[in-house]
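Student: Can you read through this structure? Questions will come right after.
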Amino acid sequence: MPLRTSITLLTGCLLVLGGCTASNPWWEASQSGWAQYGNNVEVPRKARPVPISLLAEASTWNHPIYIEGWIDEVDREAGSWMMVSDGTTAPVMVVSDGRFRLPRNARGRRTMVWGHPLVASGSTESGTDAPRSSMTVEFMAESVKIQGFYGLEVPPRTTFEAPPAAPPVPTIPAADAEPVDETASTTDPAPEQKPSSDAGSDAPPPIVDLPDR
(Lines give C-alpha, C1' and ligand atoms only; values in the text may rest on other atoms or scores of the structure.)
Protein backbone atom coordinates (compact mmCIF):
# COMPACT_ATOMS: atom_id res chain seq x y z
CA MET A 1 0.00 0.00 0.00
CA PRO A 2 1.52 3.34 -0.95
CA LEU A 3 2.57 5.63 1.87
CA ARG A 4 0.29 8.46 0.71
CA THR A 5 -2.76 6.18 0.79
CA SER A 6 -1.89 5.02 4.32
CA ILE A 7 -1.60 8.59 5.58
CA THR A 8 -4.95 9.50 3.99
CA LEU A 9 -6.71 6.55 5.61
CA LEU A 10 -5.13 7.32 8.98
CA THR A 11 -6.20 10.96 8.79
CA GLY A 12 -9.76 9.96 7.91
CA CYS A 13 -9.92 7.57 10.86
CA LEU A 14 -8.71 10.27 13.23
CA LEU A 15 -11.32 12.71 11.94
CA VAL A 16 -14.09 10.14 12.37
CA LEU A 17 -12.95 9.30 15.89
CA GLY A 18 -12.68 12.96 16.73
CA GLY A 19 -16.22 13.60 15.50
CA CYS A 20 -17.56 10.65 17.50
CA THR A 21 -15.87 11.70 20.72
CA ALA A 22 -16.73 15.41 20.37
CA SER A 23 -19.05 16.36 23.20
CA ASN A 24 -21.46 19.18 23.80
CA PRO A 25 -19.80 22.12 25.63
CA TRP A 26 -23.06 22.73 27.52
CA TRP A 27 -23.08 19.11 28.68
CA GLU A 28 -19.42 19.35 29.65
CA ALA A 29 -20.17 22.41 31.76
CA SER A 30 -22.95 20.49 33.53
CA GLN A 31 -20.59 17.63 34.31
CA SER A 32 -17.86 20.00 35.49
CA GLY A 33 -19.90 21.52 38.29
CA TRP A 34 -20.95 24.82 36.73
CA ALA A 35 -23.69 26.60 38.66
CA GLN A 36 -27.13 26.40 37.05
CA TYR A 37 -29.70 29.23 37.04
CA GLY A 38 -33.10 29.26 35.39
CA ASN A 39 -34.60 26.31 33.54
CA ASN A 40 -32.67 23.08 33.27
CA VAL A 41 -32.83 22.86 29.48
CA GLU A 42 -31.61 19.99 27.33
CA VAL A 43 -29.38 21.47 24.64
CA PRO A 44 -29.04 19.44 21.40
CA ARG A 45 -25.81 17.49 21.28
CA LYS A 46 -24.68 19.08 18.01
CA ALA A 47 -25.37 22.64 19.19
CA ARG A 48 -22.39 24.96 19.41
CA PRO A 49 -22.14 28.47 20.92
CA VAL A 50 -22.97 31.29 18.51
CA PRO A 51 -20.56 34.25 18.41
CA ILE A 52 -22.01 37.43 19.86
CA SER A 53 -21.18 39.24 16.63
CA LEU A 54 -23.79 37.06 14.85
CA LEU A 55 -26.67 37.63 17.28
CA ALA A 56 -28.44 40.10 14.96
CA GLU A 57 -28.57 37.43 12.27
CA ALA A 58 -29.44 34.70 14.78
CA SER A 59 -32.49 36.70 15.89
CA THR A 60 -34.19 35.65 12.63
CA TRP A 61 -33.76 31.96 13.40
CA ASN A 62 -36.79 30.10 14.70
CA HIS A 63 -35.04 28.25 17.50
CA PRO A 64 -33.14 29.14 20.67
CA ILE A 65 -29.35 29.32 20.76
CA TYR A 66 -26.66 29.71 23.35
CA ILE A 67 -23.66 31.98 23.70
CA GLU A 68 -20.44 31.55 25.63
CA GLY A 69 -18.22 34.26 27.06
CA TRP A 70 -17.03 36.12 30.13
CA ILE A 71 -19.12 38.18 32.52
CA ASP A 72 -17.97 41.81 32.40
CA GLU A 73 -20.61 43.31 34.68
CA VAL A 74 -23.63 42.23 36.74
CA ASP A 75 -26.64 44.15 38.03
CA ARG A 76 -25.57 44.92 41.62
CA GLU A 77 -29.06 45.72 42.86
CA ALA A 78 -31.35 42.90 41.78
CA GLY A 79 -29.24 40.53 39.63
CA SER A 80 -31.63 40.88 36.69
CA TRP A 81 -29.01 41.39 33.94
CA MET A 82 -25.31 40.97 33.10
CA MET A 83 -22.93 42.02 30.33
CA VAL A 84 -21.23 39.15 28.46
CA SER A 85 -18.39 39.39 25.95
CA ASP A 86 -16.59 36.80 23.82
CA GLY A 87 -14.01 38.99 22.10
CA THR A 88 -15.77 39.11 18.73
CA THR A 89 -17.62 42.39 19.28
CA ALA A 90 -18.94 44.68 22.00
CA PRO A 91 -20.48 42.99 25.06
CA VAL A 92 -24.15 42.06 24.90
CA MET A 93 -26.66 42.60 27.71
CA VAL A 94 -28.10 39.31 28.93
CA VAL A 95 -31.48 39.77 30.62
CA SER A 96 -33.23 37.24 32.82
CA ASP A 97 -36.70 36.21 31.68
CA GLY A 98 -38.02 37.21 35.12
CA ARG A 99 -38.25 33.73 36.64
CA PHE A 100 -34.76 33.73 38.16
CA ARG A 101 -32.00 36.08 39.31
CA LEU A 102 -28.25 36.07 38.72
CA PRO A 103 -25.54 36.08 41.41
CA ARG A 104 -24.34 39.65 41.83
CA ASN A 105 -20.72 38.61 42.48
CA ALA A 106 -20.28 36.61 39.25
CA ARG A 107 -18.17 39.25 37.51
CA GLY A 108 -15.09 37.84 35.77
CA ARG A 109 -16.41 34.30 35.48
CA ARG A 110 -17.05 32.27 32.37
CA THR A 111 -20.67 31.69 31.41
CA MET A 112 -22.97 30.00 28.93
CA VAL A 113 -26.45 31.39 28.25
CA TRP A 114 -29.34 29.65 26.49
CA GLY A 115 -32.17 31.75 25.08
CA HIS A 116 -33.20 34.08 22.27
CA PRO A 117 -31.49 37.21 20.87
CA LEU A 118 -33.67 40.30 20.63
CA VAL A 119 -33.03 43.14 18.16
CA ALA A 120 -34.58 46.62 18.31
CA SER A 121 -34.05 49.02 15.38
CA GLY A 122 -34.55 52.77 15.26
CA SER A 123 -33.09 56.06 14.08
CA THR A 124 -31.43 59.00 15.80
CA GLU A 125 -31.18 62.63 14.72
CA SER A 126 -28.50 65.12 15.71
CA GLY A 127 -28.83 68.72 14.58
CA THR A 128 -28.81 69.15 10.82
CA ASP A 129 -27.27 65.73 10.13
CA ALA A 130 -29.30 63.10 8.39
CA PRO A 131 -31.00 60.51 10.62
CA ARG A 132 -28.80 57.56 11.51
CA SER A 133 -30.11 54.07 11.92
CA SER A 134 -29.35 52.37 15.23
CA MET A 135 -29.74 48.79 16.37
CA THR A 136 -29.74 47.39 19.88
CA VAL A 137 -29.13 43.70 20.54
CA GLU A 138 -30.01 41.99 23.80
CA PHE A 139 -30.21 38.35 24.83
CA MET A 140 -33.21 36.97 26.71
CA ALA A 141 -31.92 34.17 28.92
CA GLU A 142 -33.92 31.07 29.81
CA SER A 143 -31.02 29.19 31.36
CA VAL A 144 -27.58 30.29 32.55
CA LYS A 145 -24.50 28.32 33.55
CA ILE A 146 -21.65 30.03 35.42
CA GLN A 147 -18.28 28.42 35.95
CA GLY A 148 -17.33 27.68 39.53
CA PHE A 149 -20.00 26.85 42.06
CA TYR A 150 -18.17 27.93 45.21
CA GLY A 151 -18.12 31.59 46.16
CA LEU A 152 -21.22 32.59 44.20
CA GLU A 153 -23.91 34.25 46.25
CA VAL A 154 -27.39 32.85 46.44
CA PRO A 155 -29.35 35.00 43.98
CA PRO A 156 -32.13 37.12 45.46
CA ARG A 157 -35.57 35.64 44.99
CA THR A 158 -38.04 37.16 42.62
CA THR A 159 -40.78 39.08 44.41
CA PHE A 160 -44.37 39.35 43.34
CA GLU A 161 -46.81 41.93 44.67
CA ALA A 162 -49.97 40.49 46.22
CA PRO A 163 -53.21 41.63 44.59
CA PRO A 164 -55.22 44.22 46.55
CA ALA A 165 -57.87 42.91 48.91
CA ALA A 166 -61.43 42.87 47.62
CA PRO A 167 -63.81 45.47 49.13
CA PRO A 168 -66.33 44.15 51.70
CA VAL A 169 -69.64 42.96 50.24
CA PRO A 170 -72.66 44.85 51.68
CA THR A 171 -75.32 42.73 53.39
CA ILE A 172 -78.63 42.71 51.52
CA PRO A 173 -81.71 42.04 53.75
CA ALA A 174 -84.22 39.41 52.75
CA ALA A 175 -87.27 40.49 50.78
CA ASP A 176 -89.73 39.45 53.55
CA ALA A 177 -87.80 41.05 56.41
CA GLU A 178 -89.32 44.05 58.16
CA PRO A 179 -87.32 47.27 57.91
CA VAL A 180 -85.52 48.23 61.06
CA ASP A 181 -85.55 51.86 62.16
CA GLU A 182 -81.92 52.40 63.12
CA THR A 183 -82.74 55.90 64.47
CA ALA A 184 -85.12 54.58 67.14
CA SER A 185 -83.84 54.94 70.69
CA THR A 186 -82.88 51.78 72.48
CA THR A 187 -83.53 53.25 75.98
CA ASP A 188 -86.54 52.22 78.07
CA PRO A 189 -89.63 54.42 77.63
CA ALA A 190 -90.44 56.88 80.40
CA PRO A 191 -93.21 55.73 82.79
CA GLU A 192 -96.67 57.17 82.20
CA GLN A 193 -97.76 59.96 84.56
CA LYS A 194 -101.30 59.72 85.92
CA PRO A 195 -103.29 62.92 85.54
CA SER A 196 -103.95 64.86 88.78
CA SER A 197 -107.48 64.84 90.21
CA ASP A 198 -109.71 67.75 89.24
CA ALA A 199 -111.37 70.03 91.84
CA GLY A 200 -114.83 68.83 90.90
CA SER A 201 -114.18 65.22 91.44
CA ASP A 202 -116.14 62.95 93.79
CA ALA A 203 -113.25 62.62 96.26
CA PRO A 204 -113.87 64.22 99.76
CA PRO A 205 -112.08 67.50 100.54
CA PRO A 206 -109.05 67.39 102.84
CA ILE A 207 -109.51 67.94 106.61
CA VAL A 208 -108.02 71.17 107.94
CA ASP A 209 -107.40 71.76 111.74
CA LEU A 210 -108.75 75.15 112.90
CA PRO A 211 -107.19 77.04 115.87
CA ASP A 212 -109.04 77.24 119.27
CA ARG A 213 -110.84 80.46 120.08
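Student: Can you tell me which residue is nearest to ALA90 (Cα to Cα) among those in the range 31-55 that are under 28 Å from the mean Cα position of the chain (by Cα) and among the aliphatic types (A, V, I, L, M)?
Tutor: ILE52
Student: So in the range 65-79, with the set limited to residues that are surrounded by fewer than 18 Cβ atoms within 10 Å (Cβ to Cβ) and not basic (Lys, Arg), which one is farthest from ASN24 (Cα to Cα)?
Tutor: Looking at residues that are surrounded by fewer than 18 Cβ atoms within 10 Å (Cβ to Cβ) and not basic (Lys, Arg), I get GLU77.
Student: Quick check on my filter: what residues within the range 96-109 are of a type outside the set (Phe, Trp, Tyr), crowded, with 17+ Cβ neighbours inside 10 Å and within 24 Å of GLU42 (Cβ to Cβ)?
Tutor: SER96, ARG101, LEU102, PRO103, ALA106, ARG109
Student: Considering only the range 45-56, I want to know if a residue exists there that is under 22 Å from SER30 (Cβ atoms), of a type in the set (A, V, I, L, M), in a loop (DSSP other than H, G, I, E, B) and modelled with pLDDT of 90 or more.
Tutor: yes
Student: State whether the residues of the range 39-56 include one that is farther than 21 Å from MET135 by Cα and polar (S, T, N, Q).
Tutor: yes
Student: List, please: which pairs have Cβ atoms under 6 Å, are six or more places apart or on different chains, and start with a residue in the range 58-78 that is over 15 Å from MET93 (Cβ atoms) and among the charged types (D, E, K, R) and end with one that is part of a loop (DSSP other than H, G, I, E, B) and at pLDDT below 95?
Tutor: Hits for this filter: GLU68/PRO49.
Student: Here's a follow-up. Of the residues VAL119, VAL137, which single one is buried (at least 17 other Cβ atoms within 10 Å of the Cβ), more than 21 Å from TRP26 (Cβ to Cβ), modelled with pLDDT under 95 and not basic (Lys, Arg)?
Tutor: VAL137
The values are calculated or read from the model by the stated rules, or taken from the named source; none is laboratory data. For clarity, every value in this text was computed on a predicted model and none was experimentally measured. Counting neighbours? That spans all protein chains shown, and the Cβs are built from the backbone with ideal geometry, glycine included.
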